[in-house]
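Worksheet for the structure shown next.
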Amino acid sequence: MSIFYRDMNHERIGSRWLEWEGHRNEIKLLISHTLSDAKDLGRAIVLGAGNCDDVDLHFFCDGFSQLTLVDIDAESLQEAINRLAPDLSERIELLGNVDFTKLDQVDFYNRLTDLLEQKTASSELCSFLIHIPSEMLEYSILNEWEGQFSVVISSAVYTQIFFIHVLTLFAVHVSNYTSEEVSAILGELRVLRNYIVKAYNDLMITLAEEDGYIIAWSDVVKFDEMSPFPEEQFYSIHSEEERIQFVFDIAGKQGREAAVVGMQDLHEKLIDQNRQFACWIWPYSSNRHYITFGLAGRVRKAEV
Ligand SMILES: C[S@@+](CC[C@H](N)C(=O)[O-])C[C@H]1O[C@@H](n2cnc3c(N)ncnc32)[C@H](O)[C@@H]1O
């Protein structure tokens, strides 16, 4: 399973650190605004740290007494420390090979691949998918770290965590099913995706200490040559409020569903007071940019 993410992270090009400087600065601003009233910053954990191109490790180590980085792709974490902050290696704890979804623990991807290779009927596939959440409930992850962090950070995880991987597996077998069957299977995959994204938010909350903060950002709308950002319309708007509304409208129409579900769910799980929202363009690569949403605040811990 982690080979999928290893390959994605490995696609990283050498100039990325420089190209993502503006993106990193937006993240630093979001963090600084969120924590402006915090007295003792304590320990922070970053989920989905991966190549650490969006995580300024020196900024984090200056601010927090201890830093923990987690990802399914252990190699990328280690390579990032070696490349960006060998001087900080003693101060940073790395937790690799951790699957936030618990799908590894229920052997989901191997079982799904077997079912697809056997051309299993769509109704049976759907019932397999429907039962996965109840299996996942029997497992837990990162329980040693529960309640340990004053700040829990999620780095663009919602859109990566499950759907993109499962669709890649399913695509190879799609021709074995009618279009109605494909719709039914995709419907169940979406339900499972939404469950996983919300369970991931709950995981972040369990990692946070009583009055802890959650800070998350996610790519929400993709722009490329086929669907460019509507610059003219955007820059003809004069007020900040109308610009934000314009961006929300685009996100509502063409936003990545996993990101929208994750952000909405997290919004409900954070205390209203001093909740922060930010929005910026992430120049992901030369031909792909994303509208990115950042959301942060204190957790409603008792209600999870
Ligand atoms: C878009 S990247 C975030 C950007 C990254 N911080 C960087 O600077 O390169 C998302 C990260 O989430 C990790 N990830 C995706 N699905 C995961 C899962 N199920 N469990 C743990 N990590 C996962 C990926 O390996 C990847 O490093």
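Before moving on, here are some points about what is shown:
- Local charge for Val172 was computed over the other residues whose Cβ lies under 15 Å away, with Lys and Arg +1 and Asp and Glu -1, and equals -1.
- A Cβ-based charge dipole, computed about the Cα centre of the chain with Lys and Arg at +1 and Asp and Glu at -1, lands at about 180 debye.
- Positive-pole candidate from Gly96, Pro86, Asn176, dipole of the stretch 1-218, charges at beta carbon: Asn176
- Within the shell of other residues whose beta carbon sits under 14 angstrom from the beta carbon of Lys222, the net charge comes to -1, with Lys and Arg scored +1 and Asp and Glu -1.
- Sparse packing (at most 14 other Cβ atoms within 10 Å of the Cβ) combined with a DSSP loop state is found for the following GluC sites (Glu not before Pro) in the stretch 12-94: Glu90.
- Leading residue at positive end of dipole, the chain (Cβ point charges), from Tyr284, Gly63, Ser76: Tyr284
- Computed on the chain, with alpha-carbon pairs under 8 angstrom and 6+ residues apart, the relative contact order is 20 percent.
- For the stretch 245-304, trypsin sites (Lys or Arg not before Pro) are listed when DSSP marks them as loop and at most 16 other Cβ atoms sit within 10 Å of their Cβ; the list is Arg275, Arg300.
- Taking the charge dipole of the chain about its Cα centre, with +1 at Lys and Arg Cβ atoms and -1 at Asp and Glu Cβ atoms, the residue from Gly48, Tyr139, Asn274 reaching farthest to the positive side is Asn274.
- Ellipticity at 222 nm from helices only: DSSP H runs of n ≥ 4 in the chain, each -39500 (n - 2.57), divided by the residue count, give -14500 deg cm²/dmol.
- Within-14-Å neighbourhood charge of Ser123 [Cβ basis; K, R +1; D, E -1]: -3
- Taking a straight Cα-Cα cut-off under 30 Å and skipping sequence neighbours fewer than 8 places away in the same chain, the lysines within cross-link reach of Lys119 are Lys102.
- With both residues required to sit in the chain, DSSP beta bridges show an antiparallel share near 50%.
- Of the residues Ser15, Ser2, the one with the fewest other Cβ atoms within 10 Å heads the list, and the complete ranking is Ser15, Ser2.
Every number here is computed from the coordinates shown, using simple stated rules; none is lab data. Just so we're clear, the structure is a prediction, and the values are computed from it rather than from any experiment. We place every Cβ from the backbone using ideal geometry, glycine too, and count neighbours over all the protein chains shown.
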